[in-house]
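Notes follow the structure.
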Amino acid sequence: MRTRFAYDQLPVSRWRNGGGETREIVSYPQGDAQFAWRASIATISADGPFSPFPGIDRVITLLHGDSVLLESEQAQQRLTQLQPWAFPGEWAIEAKISGSCQDFNIMTRRDSWRSALSIAQETVSSENGVGWVVAGTWQTSAGETLAVDQGMWWLDEKLQLAPQTSDARLLFVTLNRVL
């Protein structure tokens, strides 16, 4: 199964605290109230707390925008563009921003899935994953082309993505089931 998506076609959910919005790429299994893994793009427009997600491992990556400082009792992290930061969903995280920013989020249920996120500039492949084009263009082995603000997620099939331009960069998430 593979699904192509574009930023402007993703459904938007406003945050209860008024501090931003989320565009969900996928929540798997689709239609289940309790996800095994979830990918989304969020816009943070005000300081405030992150929602807690017990039993979930999270990775956040700043895509665009101003400075973001994430603080909890356990850690303090300043997000920098295209540098993933992983943390447990149990942590009470407070975000402090200057301006507005956009980030990519991958969340996996700790007892069933693991994720690894990287910024690729060369050909990549995996059996389960999510790809999000941050620069240039990319092409699947089947010949589908993806440009900036487009992506694809896939399950249980080998998918290869190759850069088509010299400036190509891809946010690449590999997902693996916990056995």
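Tabulated values for the structure
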item	result
Part-to-part distance (alpha-carbon centres) for the range 28-79 and the range 112-154, which is given in Å	20
Rounded to the nearest 10 Å², the accessible area of Leu117 at probe 1.4 Å	30
Relative contact order %, the range 23-170, counting alpha carbon pairs below 8 Å whose residues are six or more apart	22
Normalised alpha carbon radius of gyration of the range 1-94 [divisor 2.2 N^0.38 Å]	1.11
Trypsin sites (Lys or Arg not before Pro) within the range 53-159: DSSP coil, no more than 10 neighbouring Cβ in 10 Å	Lys158
Carbon and sulfur %, accessible surface of the range 69-108 computed with the full protein complex present, 1.4 Å	45
Length-normalised contact order for the range 1-69 - Cα pairs under 8 Å, 6+ apart - percent	22
Kirkwood hydrodynamic radius (C-alpha pairs) into Stokes-Einstein, the chain, 25 °C and 0.890 mPa s, D in µm²/s	148
Whole-number accessible area per residue in Å² for the chain, which is evaluated in the context of all protein chains at 1.4 Å	49
10 Å Cβ shell holding at most 16 others, DSSP loop, GluC sites (Glu not before Pro): longest site-free stretch of the chain	1-72
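The values are calculated or read from the model by the stated rules, or taken from the named source; none is laboratory data. A quick note: this is a predicted structure, and the numbers were derived from the prediction, not measured. So basically every Cβ, Gly included, is an ideal-geometry build from the backbone, and we count neighbours across all protein chains shown. Side chains included, ligands, DNA and RNA excluded: accessible areas come from the protein's heavy atoms. Shrake-Rupley method; radii C 1.70, N 1.55, O 1.52, S 1.80 Å.
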